[in-house]
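*Asks:* My structure is below; once you've seen it, I'll send some questions.
The values are calculated or read from the model by the stated rules, or taken from the named source; none is laboratory data. In this text, all values refer to a predicted model and were calculated from it rather than measured experimentally. No Cβ is skipped: glycine too gets one built from the backbone with ideal geometry, and neighbour counts run over all protein chains shown. Heads up: the accessible areas ignore ligands, DNA and RNA and are worked out on the full protein's heavy atoms, side chains in. Shrake-Rupley method; radii C 1.70, N 1.55, O 1.52, S 1.80 Å.
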Amino acid sequence: MALRQISSPLSPETARSLKTGDRVLVSGRIVTARDQVHKYLASGGKSPIDLSGTILYHCGPVVIREDSSWRVIAAGPTTSMREEPYEAGLIRTYHPGAIMGKGGMGQNTLKALKEEGCVYLHLTGGAASYIARSIESVEEVHLLEFGQPEAMWVLKVSNLPALVTMDSFGNSLHADVESNSLQILKELLKTPFHRKSHS
Amino acid sequence: MEKSVLLSSLQNIIEKASTVLPEDIRRALEKSFTEEREASVAKDTLGMIIESAVCSKESTRPICQDTGSILAIIKSRPDESIILIEEAIHEAVKILTRNGILRQNCVDPVTGQNTGDNTGKHVPQIHFVPIDGPTTVSVMLKGGGSENVSTQYSLPDSSLEAGRDLDGVRKCILDAVFKAQGKGCSPGILGVCVGGDRASGYLLAKEMLFRRLDDENPCKILGKLEETVMEQANSLGIGPMGLGGRTTLLGVKIGNAGRHPASFFVTVSYSCWAVRRISAELDSEGRISEWL
């Protein structure tokens, strides 16, 4: 499948045009936000930066201080589902162009993606070195009081490969895989271990 | 044992755990890569995982940015060296956190403050096992995402129609694999403890993750259960990173512990593909004499 180049912040048209299954290469500014930032924004905290159209990345990177600058050592995605209670509200308030993380999100987020014209981009969990290669620099850091992994890091990335797994048309690859696997699980639970192993 | 020698050994052990994927895991990932369909998301994902692990090893960077909770198990004669090893672990962890080999992963749950150096109350977690043999240190760095989906069942479980027997155990494990999708990074490895109590179950299940993927369970019936669960879990179609595919698990390791007549716990410790585990033997000076 062809790779499509997209740049962050995304235009509303770009975000609306992406479909589940599309492979993209992301360039531009992305912003990390994980548990503490989500809780803070959901409980009335103000975002220190404009998030409209930007890619909000569920990530707690390893960043070290070198002289006067920051260097990203490893920066893979964290489990997105933990932000499910907050994400729909955050999408409606701040209008990001995409949410990026791993494992996908639930029905509330999917509904907000559809209403606001936003997408979910999936990265491979644990592929921290692979992903770090696409990170060019740290542009800014905010909310460092939440700790190094939980701060809001503004990163400049170039050609970061991602997969669209939830789109603004109501599609979710995660929901599809889950419902298929549930059917198989139900069948497996009916087949006893002993009978099978001794047959 | 010599303080400075021990510090250098422990730094070496923990750094290797964070940056080098164990050989058996790497081989299993490569085998799975060949088994996934051409041009599938599953094959692509496994390719990325394998490439990323190579890159981590070559550049001495953490395999995953979540360098996990630190568990160390010291096996040694009960002498003064244990205290020295414990101190060396704390010191090594602080140094490696400053160097970006470990992420700042210890948060005080009362104040919400990150301690910044990976040490805190009961952190890192260190267990001591007295033995009459050479001193060994085993370290596991287990990520938060995979720890969050680790779970414990109490049989019978009516929602799964799981009774107090090995078939009930099988049902619990499959349920845990299903529920971990989208959270713990698959393909996963399961450490399971059948029996024990609430506390020992979790520790023993985690310790099962130290077993090599190609080892043989000394208990035949549990070995058979491992095979069955492995085959059935991989038929669920969850696949790498839960995006669909043939590879949902790389291994299942089941151990057991005596249980109270009233209790029948099944504890599942889920590990993501990025298993960070390592064991080494130390000589009388504290030098690494052998990687185990």
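*Asks:* Take the alpha carbon atoms of chain B, find their radius of gyration, then divide it by 2.2 N^0.38 Å using N residues; give the quotient. Mind dumping the intermediate values first?
*Replies:* Values: Rg = 19.3 Å, N = 292, 2.2 N^0.38 = 19.0 Å.
Ratio of Rg to 2.2 N^0.38 Å for chain B: 1.01.
*Asks:* Next question. So how much accessible area does A:GLU115 have, in Å² to the nearest 10, using a 1.4 Å probe?
*Replies:* Surface open to solvent at A:GLU115 totals about 90 Å².
*Asks:* Quick one: helix A:107-116 against the long Cα principal axis of chain A, what's the angle to the nearest 10°, folded into 0 to 90?
*Replies:* 50 degrees
*Asks:* Sticking with this structure for a sec: Select from B:LEU209, B:ASN114, B:TYR153 the residue farthest towards the positive end of the dipole of region B:99-220; place +1 on Cβ of Lys and Arg, -1 on Cβ of Asp and Glu, and compute about the Cα centre.
*Replies:* Working it through, the farthest residue towards the positive pole turns out to be B:ASN114.
*Asks:* Continuing with the same structure: Grab the beta carbon distance between A:SER69 and A:ALA2, set R0 = 30 Å, and tell me the FRET efficiency rounded to 0.05.
*Replies:* Rounded to the nearest 0.05, the efficiency is 0.25.
*Asks:* Let me ask something else about it. Using a ≥ b ≥ c from the Cα gyration tensor of the protein assembly as shown (square roots of the eigenvalues), is it rounded, prolate or oblate, where a/c under 1.5 gives rounded and otherwise the larger of a/b and b/c decides, a/b for prolate?
*Replies:* Numbers: a/c = 1.80, a/b = 1.18, b/c = 1.53.
Judged from the Cα gyration tensor, the protein assembly as shown comes out oblate (a/c at least 1.5, b/c at or above a/b).
*Asks:* Moving on to the next point. Leaving out ligands, DNA and RNA, calculate the buried accessible area for the pair B and A with a 1.4 Å probe, summed over both sides, in Å² to the nearest 100.
*Replies:* Answer for the B-A pair: about 4200 Å² buried.
*Asks:* Same structure again: At 1.4 Å probe radius, can you tell me the per residue accessible area of region B:1-140 in Å²?
*Replies:* Ligands and nucleic acids excluded, the result is 46 Å² per residue.
*Asks:* Set the bar at 18 Å for Cα to Cα. Now go through A:LYS19/A:LYS111; A:LYS186/B:LYS43; B:LYS224/B:LYS253; B:LYS142/B:LYS206 and name every pair that lies beyond it.
*Replies:* Those over the limit are A:LYS186/B:LYS43.
*Asks:* Quick check on region B:34-171: take the gyration tensor over C-alpha atoms, sort the square-rooted eigenvalues as a ≥ b ≥ c, and tell me if it's rounded (a/c under 1.5), prolate or oblate. Display every interim value, and only then the final one.
*Replies:* Values: a/c = 1.70, a/b = 1.19, b/c = 1.43.
In terms of gyration-tensor shape, oblate.
*Asks:* Hey, can you list the residues from region B:38-73 whose accessible area shrinks by 40 Å² or more with all protein chains present, relative to the chain by itself (probe 1.4 Å, no ligands or nucleic acids)?
*Replies:* B:VAL41, B:MET48, B:GLU51, B:SER52, B:CYS55, B:ARG61, B:GLN65
*Asks:* What is the angle, in °, between the Cα long axis of helix B:220-234 and the longest principal axis of the Cα atoms in chain B? Nearest 10 is fine, range 0 to 90.
*Replies:* 70 degrees
*Asks:* Hey, what's region B:145-271 come to in accessible area per residue, 1.4 Å probe, Å²?
*Replies:* 37 Å²
*Asks:* Can you pull out the cysteines in the protein assembly as shown that have no other Cys Cβ under 4.7 Å?
*Replies:* Result for the protein assembly as shown is A:CYS59, A:CYS118, B:CYS55, B:CYS64, B:CYS106, B:CYS172, B:CYS193, B:CYS219, no neighbouring Cys Cβ within the cutoff.
*Asks:* Sticking with this structure for a sec: Using +1 at the Cβ of each Lys and Arg and -1 at the Cβ of each Asp and Glu in the protein assembly as shown, identify which of B:VAL5, B:ALA88, B:ALA274 lies farthest towards the dipole's positive end.
*Replies:* Final value for the positive-end residue is B:ALA274.
*Asks:* Normalised by the residues of region A:3-171, what does the relative contact order come to in percent, with Cα pairs under 8 Å and at least six apart?
*Replies:* 32 percent
*Asks:* May I ask you to find the residues of region B:181-199 that are shielded by at least 40 Å² of accessible area once the whole protein assembly is considered instead of their isolated chain (probe 1.4 Å)?
*Replies:* Flagged in region B:181-199: B:GLN181, B:GLY182, B:LYS183.
*Asks:* Out of the total accessible area of the protein assembly as shown (probe 1.4 Å, heavy atoms of protein only), what percent is carbon and sulfur?
*Replies:* 51 percent
*Asks:* Mind grabbing the base-10 log of I(q)/I(0) for region A:3-171 at q = 0.11, 0.17 Å⁻¹? Debye formula, identical points on the C-alpha positions, no solvent, two decimal places.
*Replies:* Once normalised to I(0) and log-transformed, intensities are -0.38, -0.96.
*Asks:* How many Cβ atoms of partner chains, on average, are near each residue of B:96-109 if near means within 10 Å of its Cβ?
*Replies:* For this peptide, the per-residue mean of nearby foreign Cβ atoms is 4.
*Asks:* What's the angle, to the nearest 10 degrees (0 to 90), between helix A:84-94's Cα axis and the longest principal axis of chain A?
*Replies:* The two axes meet at around 40 degrees.
*Asks:* Next question. Rounded, prolate or oblate: which fits region B:143-292, taking a ≥ b ≥ c as square roots of the Cα gyration tensor eigenvalues, rounded meaning a/c under 1.5, else prolate when a/b beats b/c?
*Replies:* Values: a/c = 1.84, a/b = 1.26, b/c = 1.47.
It comes out oblate by the Cα gyration axes.
*Asks:* Now for a different question. Using protein chains only (no ligands, no nucleic acids) and a 1.4 Å probe, work out which residues of region A:96-133 have their accessible area cut by at least 20 Å² relative to the chain alone.
*Replies:* Buried on complex formation: A:LYS102, A:GLY103, A:HIS122, A:THR124, A:GLY125, A:GLY126, A:ALA127, A:ALA128, A:SER129, A:TYR130, A:ARG133.
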